[in-house]
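Since the structure comes first, as structure tokens, the remarks are kept for the end.
No lab work stands behind these numbers, since they all come straight from the coordinates. Predicted, not measured: the structure shown is a model, and the values here were computed from it. Positions of Cβ are backbone-derived with ideal geometry, glycine not excepted, and every protein chain shown enters the neighbour counts.
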Amino acid sequence: MKIYRNAREAKRFLNKTNHYAGKFKVQIEKYALMENHFHFLIFNDGSGEIEKFMQKLQQSYAMYFNVKNRRRGAVFGGRYKSKEVSEIEYLIEIRKYISNNPLEKVIKIITDSESEVYSSGEFELR
């Protein structure tokens, strides 16, 4: 299922992400929004509350999405998945994956005559 049906919904998700990241002191270094999932690279120095951030973000966006689209039920396919990264080589690969994932999947949200890819920055070379 598409979790963003248009650019407005994707932007709403990013606004909510920014809001809750600030509230729960979560530092997002990279992100990519795909049509049916998203990726975040989050740094955890121990001061942030990642679990609460993810719970509130997904709960809040699901409520918005369901009301906006006059539907019921889950928007996200279960609990989020996370993995701790402790090796620099793996971190580099994850950064590349998140940066390049929207390009490789060629998933774009179309607005009028524009194509927008929602990602945190430039695509990285492999």
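Were the residues from Asn44 through Asn18 laid out at 0.36 nm apart, the gain over their Cα-Cα distance would be 7.8 nm. In plain terms, the chain from Arg72 to Glu51 could stretch by 5.2 nm, reckoned as 0.36 nm per residue minus the Cα-Cα distance. Rg and Dmax of segment 18-66, both derived from C-alpha coordinates alone, stand at 11.1, 34 Å. Classification of segment 4-46 by its C-alpha gyration tensor yields an oblate form. The axis ratio a/c (a ≥ b ≥ c) is 1.5 or more, and b/c is at least a/b. Stretched out straight at 0.36 nm per residue, the stretch from Arg5 to Ile94 would grow longer than its current Cα-Cα span by 29.4 nm.
Sum up the charges of everything whose Cβ sits under 14 Å from the Cβ of Gly77, counting Lys and Arg as +1 and Asp and Glu as -1, but leave Gly77 out. Once positives and negatives cancel, what remains is +2.
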